[in-house]
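Undergrad: Mind having a look at this structure? Questions to follow.
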Amino acid sequence: MLFNNARVSEEEQVLKPSFVMSQRKRPSNTQSSQSKGARPSEVLPGDDDVTFTQPSTSQVQKGLERLTPAQVDLKTAEVVQFIFVKDQKKIPIRRADIVKYVVKEYRNIYPEIMKRVACTLETVFGLMLKEIDLKNHVYILINKLEPLGEDLLNMTPSNPKTGLLFVILGVIFMKGGVAKESMVWNTLKKLRVDPGERHEDFGDVKKVVTDEFVRQRYLEYVRIPHTEPIEFEFHWGQRADTEVSKVKLLEFMGQLHNQDPQSWTQQFRDATTVPVSQR
(Lines give C-alpha, C1' and ligand atoms only; values in the text may rest on other atoms or scores of the structure.)
Protein backbone atom coordinates (compact mmCIF):
# COMPACT_ATOMS: atom_id res chain seq x y z
CA MET A 1 0.00 0.00 0.00
CA LEU A 2 1.16 3.45 -0.78
CA PHE A 3 0.68 6.51 1.39
CA ASN A 4 0.58 10.14 0.28
CA ASN A 5 0.30 13.45 2.07
CA ALA A 6 -2.69 14.91 0.27
CA ARG A 7 -4.88 17.05 2.51
CA VAL A 8 -8.47 16.00 3.03
CA SER A 9 -11.26 18.51 2.53
CA GLU A 10 -13.80 18.79 5.34
CA GLU A 11 -16.68 17.34 3.35
CA GLU A 12 -14.54 14.45 2.11
CA GLN A 13 -13.03 13.41 5.44
CA VAL A 14 -14.81 10.05 5.25
CA LEU A 15 -14.63 9.45 1.51
CA LYS A 16 -11.04 10.39 0.82
CA PRO A 17 -8.46 9.04 3.27
CA SER A 18 -4.91 10.27 2.71
CA PHE A 19 -3.56 7.02 1.37
CA VAL A 20 -3.89 4.99 -1.80
CA MET A 21 -4.04 1.24 -2.03
CA SER A 22 -1.85 -0.63 -4.44
CA GLN A 23 -2.88 -0.34 -8.08
CA ARG A 24 -1.88 -3.91 -8.79
CA LYS A 25 -5.01 -5.09 -10.55
CA ARG A 26 -5.91 -6.77 -13.77
CA PRO A 27 -8.74 -5.79 -16.13
CA SER A 28 -11.69 -8.11 -15.91
CA ASN A 29 -14.66 -8.87 -18.07
CA THR A 30 -17.17 -6.32 -16.82
CA GLN A 31 -20.09 -8.32 -18.10
CA SER A 32 -18.83 -11.38 -16.20
CA SER A 33 -18.49 -9.37 -12.99
CA GLN A 34 -21.98 -8.02 -13.34
CA SER A 35 -23.43 -11.43 -14.06
CA LYS A 36 -22.16 -12.75 -10.75
CA GLY A 37 -24.14 -10.11 -8.94
CA ALA A 38 -24.18 -9.54 -5.23
CA ARG A 39 -26.76 -10.91 -2.89
CA PRO A 40 -27.96 -9.21 0.25
CA SER A 41 -27.03 -10.97 3.43
CA GLU A 42 -29.42 -13.40 4.99
CA VAL A 43 -29.32 -14.98 8.41
CA LEU A 44 -27.65 -18.36 8.24
CA PRO A 45 -30.54 -20.81 8.43
CA GLY A 46 -30.66 -23.37 11.20
CA ASP A 47 -32.06 -26.02 8.84
CA ASP A 48 -31.22 -29.07 10.90
CA ASP A 49 -31.33 -27.33 14.26
CA VAL A 50 -35.12 -27.52 14.48
CA THR A 51 -34.83 -31.27 15.17
CA PHE A 52 -32.37 -30.77 18.02
CA THR A 53 -33.65 -30.20 21.54
CA GLN A 54 -31.16 -29.17 24.19
CA PRO A 55 -31.00 -32.13 26.61
CA SER A 56 -31.80 -31.60 30.28
CA THR A 57 -29.27 -31.99 33.09
CA SER A 58 -30.66 -35.41 33.98
CA GLN A 59 -30.48 -36.56 30.35
CA VAL A 60 -26.86 -35.43 30.13
CA GLN A 61 -26.03 -37.28 33.35
CA LYS A 62 -27.63 -40.49 32.08
CA GLY A 63 -25.79 -40.13 28.78
CA LEU A 64 -22.44 -39.71 30.53
CA GLU A 65 -23.07 -42.86 32.58
CA ARG A 66 -23.24 -44.88 29.35
CA LEU A 67 -19.91 -43.56 28.04
CA THR A 68 -16.31 -43.85 29.13
CA PRO A 69 -14.27 -40.71 29.90
CA ALA A 70 -12.06 -41.54 26.91
CA GLN A 71 -15.06 -41.50 24.56
CA VAL A 72 -16.17 -38.10 25.82
CA ASP A 73 -12.64 -36.71 25.57
CA LEU A 74 -12.30 -37.97 22.00
CA LYS A 75 -15.59 -36.42 20.94
CA THR A 76 -14.56 -33.14 22.60
CA ALA A 77 -11.29 -33.15 20.64
CA GLU A 78 -13.21 -33.80 17.39
CA VAL A 79 -15.45 -30.78 18.02
CA VAL A 80 -12.42 -28.58 18.76
CA GLN A 81 -10.82 -29.69 15.50
CA PHE A 82 -14.06 -29.05 13.58
CA ILE A 83 -14.27 -25.52 15.01
CA PHE A 84 -10.67 -24.77 14.03
CA VAL A 85 -11.26 -25.96 10.46
CA LYS A 86 -14.34 -23.75 10.14
CA ASP A 87 -12.60 -20.76 11.70
CA GLN A 88 -9.66 -20.89 9.27
CA LYS A 89 -11.85 -19.05 6.76
CA LYS A 90 -13.59 -17.01 9.47
CA ILE A 91 -16.86 -18.79 8.71
CA PRO A 92 -19.29 -18.68 11.66
CA ILE A 93 -19.93 -22.08 13.24
CA ARG A 94 -23.53 -23.33 13.50
CA ARG A 95 -24.72 -25.55 16.31
CA ALA A 96 -26.66 -27.51 13.69
CA ASP A 97 -23.42 -28.38 11.89
CA ILE A 98 -21.63 -29.36 15.10
CA VAL A 99 -24.47 -31.71 16.02
CA LYS A 100 -24.97 -33.12 12.52
CA TYR A 101 -21.36 -33.66 11.45
CA VAL A 102 -19.45 -34.22 14.69
CA VAL A 103 -21.53 -34.83 17.82
CA LYS A 104 -23.98 -37.15 16.02
CA GLU A 105 -25.10 -39.95 18.36
CA TYR A 106 -23.56 -38.11 21.32
CA ARG A 107 -26.16 -35.34 21.09
CA ASN A 108 -27.67 -36.33 24.42
CA ILE A 109 -24.49 -35.02 26.12
CA TYR A 110 -24.07 -31.99 23.83
CA PRO A 111 -24.00 -29.42 26.69
CA GLU A 112 -21.23 -31.32 28.48
CA ILE A 113 -19.19 -31.65 25.30
CA MET A 114 -19.50 -27.92 24.54
CA LYS A 115 -18.58 -27.04 28.13
CA ARG A 116 -15.38 -29.05 27.73
CA VAL A 117 -14.75 -27.59 24.29
CA ALA A 118 -15.04 -24.05 25.65
CA CYS A 119 -12.68 -24.92 28.52
CA THR A 120 -10.11 -26.42 26.13
CA LEU A 121 -10.25 -23.46 23.77
CA GLU A 122 -9.78 -20.98 26.61
CA THR A 123 -7.16 -22.72 28.74
CA VAL A 124 -5.06 -24.25 25.97
CA PHE A 125 -5.44 -21.79 23.09
CA GLY A 126 -6.55 -18.53 24.72
CA LEU A 127 -9.71 -18.48 22.59
CA MET A 128 -13.35 -17.87 23.46
CA LEU A 129 -16.29 -19.48 21.67
CA LYS A 130 -18.92 -16.74 21.56
CA GLU A 131 -22.52 -17.15 20.45
CA ILE A 132 -23.36 -14.20 18.18
CA ASP A 133 -26.79 -15.35 17.01
CA LEU A 134 -29.00 -16.61 19.83
CA LYS A 135 -31.88 -17.50 17.50
CA ASN A 136 -29.91 -19.68 15.08
CA HIS A 137 -27.15 -20.64 17.54
CA VAL A 138 -24.17 -19.37 15.57
CA TYR A 139 -20.72 -19.09 17.12
CA ILE A 140 -17.39 -17.45 16.36
CA LEU A 141 -13.94 -17.84 17.85
CA ILE A 142 -12.43 -14.80 19.53
CA ASN A 143 -8.76 -14.45 20.37
CA LYS A 144 -8.82 -13.18 23.94
CA LEU A 145 -5.14 -12.26 23.78
CA GLU A 146 -4.99 -10.32 20.49
CA PRO A 147 -8.35 -8.84 19.48
CA LEU A 148 -8.71 -7.61 15.90
CA GLY A 149 -7.43 -4.08 15.60
CA GLU A 150 -4.40 -4.30 17.87
CA ASP A 151 -1.87 -4.29 15.05
CA LEU A 152 -3.80 -2.89 12.12
CA LEU A 153 -2.31 0.59 12.41
CA ASN A 154 0.74 -0.96 10.80
CA MET A 155 -0.94 -2.34 7.70
CA THR A 156 1.27 -4.56 5.57
CA PRO A 157 0.86 -6.40 2.25
CA SER A 158 0.57 -9.63 4.27
CA ASN A 159 -2.96 -8.72 5.40
CA PRO A 160 -4.48 -6.74 2.50
CA LYS A 161 -8.01 -8.08 3.03
CA THR A 162 -7.91 -7.03 6.66
CA GLY A 163 -6.92 -3.54 5.55
CA LEU A 164 -9.77 -3.49 3.03
CA LEU A 165 -12.23 -4.60 5.71
CA PHE A 166 -10.99 -1.99 8.17
CA VAL A 167 -11.42 0.80 5.62
CA ILE A 168 -15.04 -0.26 4.99
CA LEU A 169 -15.80 -0.61 8.70
CA GLY A 170 -14.27 2.83 9.17
CA VAL A 171 -16.53 4.38 6.54
CA ILE A 172 -19.59 2.81 8.17
CA PHE A 173 -18.53 3.92 11.64
CA MET A 174 -17.79 7.50 10.56
CA LYS A 175 -21.23 7.71 8.92
CA GLY A 176 -23.07 6.75 12.08
CA GLY A 177 -23.34 3.00 11.56
CA VAL A 178 -24.83 2.89 8.04
CA ALA A 179 -23.16 3.51 4.68
CA LYS A 180 -24.80 3.27 1.28
CA GLU A 181 -23.25 0.79 -1.12
CA SER A 182 -22.47 3.58 -3.58
CA MET A 183 -20.49 5.44 -0.91
CA VAL A 184 -18.40 2.36 -0.13
CA TRP A 185 -17.63 1.74 -3.81
CA ASN A 186 -16.73 5.41 -4.34
CA THR A 187 -14.41 5.29 -1.35
CA LEU A 188 -12.64 2.23 -2.69
CA LYS A 189 -12.32 3.79 -6.13
CA LYS A 190 -10.56 6.77 -4.57
CA LEU A 191 -8.13 4.22 -3.13
CA ARG A 192 -7.71 2.74 -6.63
CA VAL A 193 -9.64 -0.41 -5.76
CA ASP A 194 -12.40 -0.61 -8.35
CA PRO A 195 -15.21 -3.09 -7.58
CA GLY A 196 -15.76 -3.46 -11.32
CA GLU A 197 -12.23 -4.66 -12.02
CA ARG A 198 -10.23 -7.63 -10.79
CA HIS A 199 -7.59 -6.70 -8.24
CA GLU A 200 -4.36 -8.66 -7.79
CA ASP A 201 -4.61 -8.72 -3.99
CA PHE A 202 -8.36 -9.06 -3.55
CA GLY A 203 -9.50 -10.73 -6.77
CA ASP A 204 -13.20 -10.00 -7.29
CA VAL A 205 -13.52 -7.02 -4.94
CA LYS A 206 -17.31 -6.92 -5.00
CA LYS A 207 -17.53 -10.61 -4.16
CA VAL A 208 -15.05 -10.26 -1.29
CA VAL A 209 -17.04 -7.39 0.23
CA THR A 210 -20.64 -8.53 -0.35
CA ASP A 211 -20.09 -12.28 -0.03
CA GLU A 212 -16.95 -13.19 1.93
CA PHE A 213 -17.10 -10.41 4.53
CA VAL A 214 -20.86 -10.93 4.86
CA ARG A 215 -20.57 -14.71 5.35
CA GLN A 216 -17.89 -14.08 7.96
CA ARG A 217 -20.37 -11.74 9.71
CA TYR A 218 -18.07 -8.73 9.57
CA LEU A 219 -20.57 -6.86 7.40
CA GLU A 220 -24.31 -6.82 6.81
CA TYR A 221 -25.46 -6.05 3.26
CA VAL A 222 -29.04 -4.84 3.49
CA ARG A 223 -31.52 -3.81 0.82
CA ILE A 224 -32.91 -0.31 1.28
CA PRO A 225 -36.74 -0.46 1.16
CA HIS A 226 -38.71 1.35 -1.53
CA THR A 227 -35.78 2.20 -3.81
CA GLU A 228 -35.91 2.04 -7.59
CA PRO A 229 -33.49 1.03 -8.92
CA ILE A 230 -32.74 -1.25 -5.98
CA GLU A 231 -30.12 0.09 -3.57
CA PHE A 232 -28.23 -1.53 -0.71
CA GLU A 233 -26.41 -0.32 2.38
CA PHE A 234 -23.74 -1.72 4.69
CA HIS A 235 -23.89 -2.14 8.46
CA TRP A 236 -21.38 -3.61 10.89
CA GLY A 237 -21.87 -7.36 11.28
CA GLN A 238 -22.10 -9.32 14.51
CA ARG A 239 -18.47 -10.45 14.35
CA ALA A 240 -17.25 -6.88 13.86
CA ASP A 241 -19.29 -5.71 16.86
CA THR A 242 -17.66 -8.43 18.92
CA GLU A 243 -14.07 -8.36 17.67
CA VAL A 244 -13.26 -4.87 16.43
CA SER A 245 -12.16 -2.16 18.84
CA LYS A 246 -13.82 1.11 17.84
CA VAL A 247 -11.07 3.02 19.63
CA LYS A 248 -8.43 1.28 17.50
CA LEU A 249 -10.56 1.84 14.42
CA LEU A 250 -10.79 5.56 15.15
CA GLU A 251 -7.02 5.69 15.66
CA PHE A 252 -6.68 3.97 12.30
CA MET A 253 -8.92 6.55 10.63
CA GLY A 254 -7.00 9.35 12.33
CA GLN A 255 -3.76 8.03 10.90
CA LEU A 256 -5.26 7.76 7.43
CA HIS A 257 -6.48 11.35 7.58
CA ASN A 258 -3.49 12.72 9.50
CA GLN A 259 -5.98 13.96 12.07
CA ASP A 260 -6.41 13.70 15.84
CA PRO A 261 -9.14 11.07 16.51
CA GLN A 262 -10.62 13.30 19.21
CA SER A 263 -11.40 15.93 16.58
CA TRP A 264 -14.30 13.69 15.50
CA THR A 265 -16.25 14.46 18.65
CA GLN A 266 -19.28 12.21 18.13
CA GLN A 267 -17.29 9.25 16.84
CA PHE A 268 -14.78 9.55 19.69
CA ARG A 269 -17.64 9.60 22.19
CA ASP A 270 -19.19 6.52 20.57
CA ALA A 271 -15.84 4.70 20.55
CA THR A 272 -15.02 5.40 24.18
CA THR A 273 -18.48 4.83 25.66
CA VAL A 274 -18.65 1.47 27.41
CA PRO A 275 -21.93 -0.39 26.70
CA VAL A 276 -24.11 -1.03 29.76
CA SER A 277 -23.71 -4.79 29.26
CA GLN A 278 -19.94 -4.48 29.66
CA ARG A 279 -19.88 -2.26 32.77
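Undergrad: What residues have an amide H closer than 5 Å to that of Y139, excluding those fewer than 5 places away on the same chain, when H is modeled at 1.01 Å from N in the peptide plane?
TA: Sorted by chain and number, the residues that satisfy this are I93, R94, R95, I132.
Undergrad: For D97, D270, what's the largest-to-smallest order of accessible area, 1.4 Å probe?
TA: So, going from the largest accessible area down, we get D270, D97.
Undergrad: So if R0 is 35 Å, what FRET efficiency would V222 and Q266 give, r being the distance between their Cβ atoms, rounded to the nearest 0.05?
TA: With a Förster radius of 35 Å, E is 0.95.
Undergrad: Over 23 Å between Cα atoms: which of K86/K161; K206/K248; K130/K180; K130/K175; K90/K130 fall into that group?
TA: Violating the 23 Å Cα-Cα cut-off are K206/K248; K130/K180; K130/K175.
Undergrad: Which value, in debye to the nearest 20, describes the size of the charge dipole of segment 66-105 about its Cα centre when Lys and Arg Cβ atoms bear +1, Asp and Glu Cβ atoms bear -1, and nothing else is charged? Don't jump to the answer; show the numbers that get you there.
TA: Values: 9 positive and 5 negative charges, 44 e Å.
It works out to roughly 220 debye.
Undergrad: Sort the following peptides by mean Cβ neighbour count (other Cβ atoms within 10 Å, averaged over residues), highest first: 128-136, 176-184, 201-209.
TA: Numbers: 128-136: 14.6, 176-184: 16.2, 201-209: 19.7.
With the highest mean Cβ count within 10 Å placed first, the list reads 201-209, 176-184, 128-136.
Undergrad: Run the quick spin-label model on L64 and N186: label points 7 Å from Cα toward the beta carbon, then report their separation in nm to one decimal.
TA: If labels sit at L64 and N186, their model points lie 6.0 nm apart.
The values are calculated or read from the model by the stated rules, or taken from the named source; none is laboratory data. This structure is a prediction, so every number in the text was calculated from the model and none was measured. In this analysis, Cβ positions are derived from the backbone assuming ideal geometry, glycine residues included, and neighbour counts consider all displayed protein chains. Each accessible area value is taken on the protein alone, full model and side chains, heavy atoms only, with ligands, DNA and RNA left out. Shrake-Rupley method; radii C 1.70, N 1.55, O 1.52, S 1.80 Å.
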